[in-house]
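Beneath this line is the structure, given in structure tokens, with notes to follow.
Throughout, read-outs are computed from the coordinates displayed, never taken from laboratory work. Please read all numbers here as calculations on a predicted model, not as lab measurements. No Cβ is skipped: glycine too gets one built from the backbone with ideal geometry, and neighbour counts run over all protein chains shown.
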Amino acid sequence: MPISDREIDNAFAALSKTHGGARKDYFGLLYLEQEFELPRKVAANQVAFRGNDYGVDGFHVDPAKRNFYLYQFRSSASYNQFKATLQRLIDGGIERVFSGGRLDSSADALLRQLRSRLVENQAVVDRVCIHFVFAGDPAEAERSQALDRLREDLENKKYLIDQFFGREITLVIEFRSAKTKKAGAFTHVTKTHSYPIELTHTISMPGPDNELLTVGFVRIMELFSMYKEMGSRFFDRNIRGALPEDEVVNRSLTRAFKKIVLEGKDLPSVFPFNHNGVALSAEALEQTDGGTRIVEPRILNGVQTLMTLERFLTASADSDSFRQGSRKLEGVKVLCKVVTKAQPDFVTNVTVNNNRQNPVEPWNLRANDRIQLELQDRFRDQLGIYYERQENAFSGLSEDDLGGLGIKELKAIQLVPLAKTFLVADGDIDKLQRLRQVFDDDYQYSQVFSPGRLRVDARHIVLCYKIQFRLRKLVSDILEKGVNRYFYVSRARNLVWALLCQGVLNEADLDVRAERFGTSLSLETNFTEWLSYLATNRCRFVIRDVLEQKPYQEKAAEGNFSFLRTNAFYEKCMALAHKSWKWERKRLK
């Protein structure tokens, strides 16, 4: 039976004096009672009533099924409430539960009870199930890009579970609904990716927060074997996929493989002298009796090397010279940096900086940032619009793919045009001329893509975003009001865009227009007519009147109109617009 609000109220009223906690805590209690037919007293010892620091809200051991269950409970229908607590589970919760050491006195009561039951049943547990139970639709949670990334980070901690039990344990992660009793369409059953590697000539150094950097040489075929088993998961921390075969870097790599394997002109030992090396992150780099073992590796820089190697192997496999020289590949090594004991944000920063030397735009380096994943969820959830944070990702999706993601719109919002939209809406029009610097500088980037953007009505963002695709026509409409008089407007497109954003956001019936024009990326005729009215009856006059003031009048007389691209001129225009039409500064955050 679904858990009703009345049942939660009754349980809270009956038990809160004994167990304390908030009303929402009793949602988990009722779920355990129903799911496993537990007596209330037993279930009460398996849930947290006063919050927790480690992302564990409840647990249960089922010796008959050989399952150990960990729970996060949310009585809300919003999957977004799992994000912060899932991060706590990743940051310290899993390690705290499965560390194997004794718990100190600071451990909360639930954790002590959980560990006691876990130790008692250690020999009979074969499967650890982490369930995220809420009142919403599990399918929606599974579509979340941000949750998907967090889930993968959680899966990477599986080696800690294996270490605790002393054997390979199956890890299952599911989203479940307490309202409908539905589980998600995907049950994520995880194995630990652990590989022996021959890492030679190593040196190590610690990072600022006990991260560890190990540098050595590794055989390229060992990296290739990891990729062939893990597939795209091996690349999921990289900022881009493979470049086309005809890119300079890939042509150079192909020539190097040919010289070693097919032509015999170079020895394998030459390769590391000419190659910049690769960078990996890993959950652990362990020394064993047999050598070195790497746990949950991810390639941060080196995708082009492995993809070019794969193309070379495919293209050369049938040739006699390849059959004769293929063994030489076993001797090819590359310089390898391995980052361990690092938090995801630190790994992201390492990824960005290790890819700066490659021909890649600075915005590509930001594609996997948490805020970009959150924005992708936001546009999909509110509007059914795909946010193309990774370059060319949208073009590779079929209509069936889009339908499965919950996407209704056949156009995508793109990262760079969105960044420009945020800048003009904020009045930072001068930064549009140095966009690369905005993405390169951490502070400027964090201002453009701040968490506040996630609180904005997505329809308002779309209204401002779509304006850029009508700027040519809107500038032309102003020019038609007097070509010789308003010729300078053609040099002020970004200023016009910024003022139009304010005109749109200050509209008295904004909600009506947002529902009409802000739910899709279509450029409706009526939308363009509305913008044309604002451009010709508002923006045209305010730009003209400010331009006639000092010192702009003198600069214009000299043919210098560079001030039209400055924040200072925009501020003057906004001051006049406030005086004339009561426009207030509206920001999309």
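Highest mean first, what order results for 14-22, 143-151 on Cβ atoms within 10 Å?
143-151, 14-22
Among 583, 36, 80, which residue has its Cα positioned farthest towards the positive end of the charge dipole of the chain, with +1 placed on the Cβ of Lys and Arg, -1 on the Cβ of Asp and Glu, and the dipole taken about the Cα centre?
Of the listed residues, the answer is 583.
Which peptide among 220-232, 536-548, 460-472, 557-569 comes first, and what is the full order, when sorted by highest mean count of other Cβ atoms within 10 Å? All intermediate terms of the calculation are to be shown ahead of the outcome.
Values: 220-232: 16.2, 536-548: 18.5, 460-472: 20.6, 557-569: 13.8.
Per-residue Cβ counts within 10 Å, averaged per peptide and sorted highest first, yield 460-472, 536-548, 220-232, 557-569.
Residue farthest toward the positive end of the dipole of the chain, with Cβ of Lys/Arg at +1 and Asp/Glu at -1: which of 471, 199, 325?
Among 471, 199, 325, the one farthest towards the positive end of the dipole of the chain is 471.
Per-residue counts of other Cβ atoms within 10 Å, averaged by peptide: what ranking do you get for 404-416, 443-455, 276-288, highest first? Walk me through the numbers before you get to the answer.
Working: 404-416: 17.2, 443-455: 15.5, 276-288: 19.0.
Per-residue mean Cβ counts within 10 Å order the peptides as 276-288, 404-416, 443-455.
Run through all the Cα pairs of segment 106-151 and give the fraction in each 10 Å bin from 0, expressed as whole percent.
Each 10 Å bin holds this share of Cα pairs: 19, 33, 29, 19.
Taking every pair of alpha-carbon atoms in segment 194-360, what share in percent sits in each 5 Å bin, from 0 to the bin with the longest distance?
Distribution as computed: 1, 8, 18, 22, 20, 15, 9, 4, 1, 0, 0 percent.
Antiparallel versus total DSSP beta bridges in segment 194-360: what percent is that, nearest 5? Intermediate results must be reported in sequence, preceding the final value.
Numbers: 25 of 29 bridges.
Looking only at bridges with both residues in segment 194-360, the antiparallel portion is about 85 percent.
Would you mind computing Rg(Cα) / (2.2 N^0.38 Å) for the chain, counting N as its residues?
Values: Rg = 28.9 Å, N = 589, 2.2 N^0.38 = 24.8 Å.
The reported ratio for this selection is 1.17.
Have a look at 132, 45, 71 and report the one farthest towards the positive end of the charge dipole of segment 5-190, computed about the Cα centre with Cβ charges (Lys/Arg +1, Asp/Glu -1).
45
Take the residue pairs 65/158; 191/258; 83/341; 191/337; 337/431 and return only those whose Cα atoms are more than 26 Å apart. Don't skip to the answer; put the middle values down first.
Details: 65/158 20 Å; 191/258 36 Å; 83/341 22 Å; 191/337 24 Å; 337/431 35 Å.
Flagged as over cut-off: 191/258; 337/431.
Taking just the alpha-carbon atoms of segment 356-406, what radius of gyration and Dmax come out, in angstrom?
When restricted to Cα atoms, segment 356-406 yields Rg and Dmax of 12.5, 38 Å.
If you take every DSSP beta bridge whose two residues both sit in the chain, what share of them, in percent to the nearest 5, is antiparallel? The partial results should precede the final answer.
Working: 35 of 57 bridges.
Within the chain, antiparallel bridges account for around 60 percent of the total.
Length gain on complete extension for the stretch residue 209 to residue 522, per 0.36 nm per residue less the alpha carbon to alpha carbon distance? Can you show the working numbers first?
Details: separation 313, 0.36 × 313 = 112.68 nm, distance 4.83 nm.
That works out to 107.9 nm of additional length.
Rounded to two decimal places and with Rh computed the Kirkwood way over Cα pairs, what is Rg over Rh for segment 25-87?
Values: Rg = 12.0 Å, Rh = 12.3 Å.
Taking Rg over the Kirkwood Rh, I get 0.97.
Calculate the spin-label point distance for residue 311 paired with residue 77, positioning each point 7 Å from the Cα along the beta-carbon direction, and give it in nanometres.
Between residue 77 and residue 311, the label points sit 4.9 nm apart.
So how far, in whole Å, is the C-alpha centre of segment 499-553 from the one of segment 399-427?
21 Å
Taking the Cα centre of segment 4-88 as origin, sum charge times position over the Cβ atoms of Lys and Arg (+1) and Asp and Glu (-1), and report the length of that vector in debye to the nearest 20. Kindly include the intermediate steps, with their values, before the conclusion.
Values: 12 positive and 10 negative charges, 41 e Å.
Here the size comes out at about 200 debye.
How many nm separate the modelled label positions at residue 202 and residue 484, each set 7 Å beyond the Cα in the direction of the Cβ?
Those two pseudo-labels are separated by 7.9 nm.
Just to be sure I understand the model, the point goes 7 Å from the Cα along the line to the Cβ. What's the resulting residue 416 to residue 180 distance in nm?
4.0 nm
Between residue 584 and residue 172, what's the calculated FRET efficiency when r is the beta-carbon distance and R0 is 41 Å? Round to 0.05. Intermediate results must be reported in sequence, preceding the final value.
Numbers: r = 52 Å, r/R0 = 1.27.
So the FRET efficiency works out to roughly 0.20.
Which whole-number percentage describes the relative contact order of the chain, with Cα contacts under 8 Å and a sequence gap of 6 or more?
Working: 863 pairs, mean separation 54.9, N = 589.
Once normalised by length, the contact order is 9 percent.
For segment 1-149, report the % of Cα-Cα distances exceeding 28 Å.
Details: 1942 of 11026 pairs.
Tail fraction, whole percent: 18.
If you project the alpha carbons of segment 360-448 onto the principal axes, what extent comes out on each, in Å, largest first?
40, 27, 20
Two-decimal Rg/Rh of segment 315-425 from alpha-carbon positions, Kirkwood Rh? If you can, show how the numbers build up before the last one.
Working: Rg = 20.2 Å, Rh = 17.6 Å.
Ratio of gyration radius to Kirkwood radius: 1.14.
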